[in-house]
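This report concerns only the one structure given below.
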Amino acid sequence: MKREAKNVRIQAIAMAPRVYCGWVAALSAFAVMALPTQAHASLFHGETLDSIANGISWVVLIVAPIIGIAAFWLVHILPEKIAHKRKHPQTKAIQCLCLLSLCFGGLLWPIAWLWAYTKPVLHKMAYGTDVDESLSHVGHEVTEEDKEIEKLRTRIAELEAKRSGVS
């Protein structure tokens, strides 16, 4: 029994700092909350704060919508650019779908994106190629070699015309 009482007394002594620390922590937290403090919402004061707020409002009302609309438009013409780069035979249809997607708020854009990356198998079966030949010369610079080839073709046509005229 004495041993149990001694153990209880040892436990009580060991618990005393914990209880004391709990009260001290609660009291110090209350004291910190009770102290008056000043909050500064900005680094700037007076006219400087008004000027900066005015500048931010102009950016938010004018510049941000312009950048947003431009970014929206640039993202929506990506499938058209991809189709043109890959010489997709249905580039004009993909371009039309991109424009419709702009009108419908972007709902058709994923379809245009997928269509631009597809391989036109039925077009290859019908025409023998899966690229649009009319797109291959767009933006193509005429080089000296191209001019020489064109001269040779013209010369061959003249020779064939003479040959058919002789016989």
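Of the candidates 24, 60, the single residue that is at pLDDT 90 or above and either surrounded by 10 or more Cβ atoms within 10 Å (Cβ to Cβ) or touching a helix residue (DSSP H, G or I) at 6+ places or on another chain (Cβ under 9 Å) (or both) is 60.
Of all residues in the stretch 110-129, those that are on the phi < 0 side of the Ramachandran plot have Cβ atoms under 7 Å from Cβ atoms of residues that are at pLDDT 75 or above and of a type in the set (Gly, Ala, Ser), 6 or more apart or on another chain, in 112/101; 116/83.
Within the stretch 92-121, restricting attention to residues that are at pLDDT 90 or above and β-branched (Val, Ile, Thr), the residue that is surrounded by the most Cβ atoms within 10 Å (Cβ to Cβ) is 94. Whenever a residue of the stretch 131-160 is within 23 Å of residue 115 (Cα to Cα), it has no partner that is modelled with pLDDT of 65 or more and among the aromatic types (Phe, Trp, Tyr) lying with C-beta atoms less than 6 angstrom away and at least six residues away or across chains.
For the structure I just gave you, tell me whether residue 147 is of a type in the set (Lys, Arg) and modelled with pLDDT of 90 or more. The answer is no for residue 147.
Considering the conditions (1) modelled with pLDDT under 90; (2) out of contact with any Ser or Thr (no Cβ under 7 Å at 6 or more places or on another chain), residue 87 is excluded by exactly one of them, (2). Say whether the condition of being part of a helix (DSSP H, G or I) and touching a residue at least 40 places away in the same chain (Cβ under 8 Å) is met by at least one residue in the stretch 45-59. No, that holds for no residue.
The values are calculated or read from the model by the stated rules, or taken from the named source; none is laboratory data. Predicted, not measured: the structure shown is a model, and the values here were computed from it. Positions of Cβ are generated from backbone atoms using ideal geometry, with glycine treated the same way; all protein chains shown enter the neighbour counts.
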